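Everything on this sheet refers to the single structure shown next.
Taken together, the values in this text are just the output of simple stated rules run on the coordinates, not laboratory data. Just so it is clear, the structure is predicted and the values come from calculations on it, not from any experiment. Cβ coordinates were reconstructed from backbone atoms using ideal geometry, including for glycine residues, and neighbour counts include every protein chain displayed.
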Amino acid sequence: MSERLISDVGGLPSGPVPREEVPQLYWEKAMIAMFNVLIAKGLVNLDEFRRAVEQMTPDHYAGASFYGRRVDGVAALLVEKGILDGVELERRALAILTAGTRDHVA
C-alpha cells in the first residue's frame, strides 16, 4: 500500500500537543458507553470501525474531534448494517442541534 490512510499521521508535522484538561461532555461519555456495548454485543468490531473512520474525507477527519470521529464512524456502521435508519438519524441529530443540547456537561 503506497498511500497513507487518513489516520496514518506518524512522522508528519503536527504542532504542539495540547496539555490542558478538558472535561468530557455528556454526549461523549454516552457515546463511549454505547460503543462499548455495541462491541460487547458483537454488533460492530474494531476492524470495521477503523475502516469506517478511515473512509472519512480528509477534511471531515481533520475537522472532527476524537469523539466526533468515533460517533460518525459508529453511526456510519450502524446505518450500513441496517441497524439505524439514516434518514431518521439525520432527523434526530438535527433536532438535537436545533435544541442546542448537544454539548451540555453532565
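Summary of values
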item: Cut-off under 5 Å, modelled amide H: who pairs with L43 long-range; result: none
item: Net length gained if the chain between K29 and L46 were fully extended (0.36 nm per residue, minus Cα distance); result: 4.3 nm
item: Simple Cβ-charge dipole of the chain, Lys/Arg +1 and Asp/Glu -1, about Cα centre, in debye nearest 20; result: 240 debye
item: Cα lying deepest toward the dipole's positive end in the chain, options Y26, A95, Q55, charges on Cβ; result: Y26
item: Kirkwood-Stokes translational diffusion coefficient of region 1-45, alpha-carbon pairs, 10 °C, 1.306 mPa s, µm²/s; result: 112 µm²/s
item: Kirkwood-based Rg to Rh ratio, the chain, C-alpha trace; result: 0.98
item: Inter-label distance for L89 and N36, nm, one decimal - labels placed 7 Å from Cα along Cα-to-Cβ; result: 2.2 nm
item: Charge dipole magnitude, Cβ of K and R +1, D and E -1 - region 23-83, Cα centre, debye nearest 20; result: 200 debye
